[in-house]
Amino acid sequence: MEFKNVRLTKICDLKPHPKNPRVHPDSALSKLVKSINKFGFTNPVLVSKDGFILAGHARCKAAQKAGIEEVPAIFLDLEGADADAYLIADNKIQEETDWDKDLLAELIKDLQTLDFDVSFTGFEPPEIDQIMTSVHNKDSQEDDFDVDAALEEESFVKPGDLWHLGKHRLMCGDATKAEDVAILMNGKMANLVVTDPPYNCAYEGGTGMTIMNDNNGIWKVLRVFACGYKKCISAPCRWRSHLYVPL
């Protein structure tokens, strides 16, 4: 196989292969568009001798969505059965690869430390959580810490206390108070908020213990819920951040 040439080519002049068996969901195309907007068009399209795209159908679609008219294309000396076989091989062979989860988790962690938007990697937040959890669980070991005994000890925590746990910050505060949230965030913006607000159901567990502030009257709960969310969740969050409320 020889490379005939590499040149910028108008996408409209590249012919999608009529036998291309690969499908591209909108979610994948959206990620490609986001990647192209961030990093540029970094992977040339591969074209057969008779002008059909062999590799890069999705990249061309994403480039058009990103407003790009020309892309780098490599014109290969492939046609007929060879071209058809490569059309399959380019997609199939890469499916045989896998991730080194330890190195992947380390890379993602480094990006997060730099406050880099890891969504540019193409991984969704649940996928990242799963990667981190799998690596953490592999290295974690049971200890002899007695949780029940610790719970019986008198608490030394008071409102306003703030702990630094590596890159994490843990605060004893009120999530409905903007000043507490501002202290906790320390100028940072959140990508995700996970919160479990009062459900006003006066829940009582099997031990007879109740949940504080869980039976304050429906209107008070709604007022606190609405005002608290408006003041404390929207302000310290990035654009299009996620909010998770278990129901």
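Note on region 75-198: percent of Cα-Cα distances in each 10 Å bin, starting at 0 and stopping at the bin with the largest distance, equals 9, 23, 27, 21, 9, 6, 4, 1.
Sparse packing (at most 15 other Cβ atoms within 10 Å of the Cβ) combined with a DSSP loop state is found for the following chymotrypsin sites (Phe, Trp or Tyr not before Pro) in region 48-103: Trp99. Across region 3-96, C-alpha contacts under 8 Å between residues 6 or more apart give a mean separation that, scaled by the residue count, equals a relative contact order of 40 percent. For region 3-96, what does the alpha-carbon gyration tensor say about shape, rounded, prolate or oblate, given a ≥ b ≥ c as the root eigenvalues, a/c under 1.5 as rounded, and a/b over b/c as prolate? Here region 3-96 falls in the oblate category.
Report the local net charge at Gly51: Lys and Arg +1, Asp and Glu -1, summed over other residues whose C-beta lies under 9 Å from its C-beta. Overall, the nearby charge balance is 0.
Neighbours of Phe120, meaning other residues whose beta-carbon lies under 10 angstrom from its beta-carbon, give a summed charge of +2 when Lys and Arg score +1 and Asp and Glu score -1.
Summary of the geometry: region 14-33 and region 155-191, compared by the centres of their Cα atoms, lie 45 Å apart. In a shell of Cβ-Cβ distance under 12 Å around Val71, excluding Val71 itself, what net charge do Lys and Arg (+1) and Asp and Glu (-1) give? Net charge in that neighbourhood comes out at +1.
Note on Phe120 and Ala66: with the Förster distance fixed at 22 Å, the Cβ-Cβ geometry gives a FRET efficiency of about 0.95.
Every read-out reported here was derived from the displayed coordinates using simple, explicitly stated rules and does not represent laboratory data. Owing to the predicted nature of the structure, the values given are computational and were not obtained by experimental measurement. Positions of Cβ are generated from backbone atoms using ideal geometry, with glycine treated the same way; all protein chains shown enter the neighbour counts.
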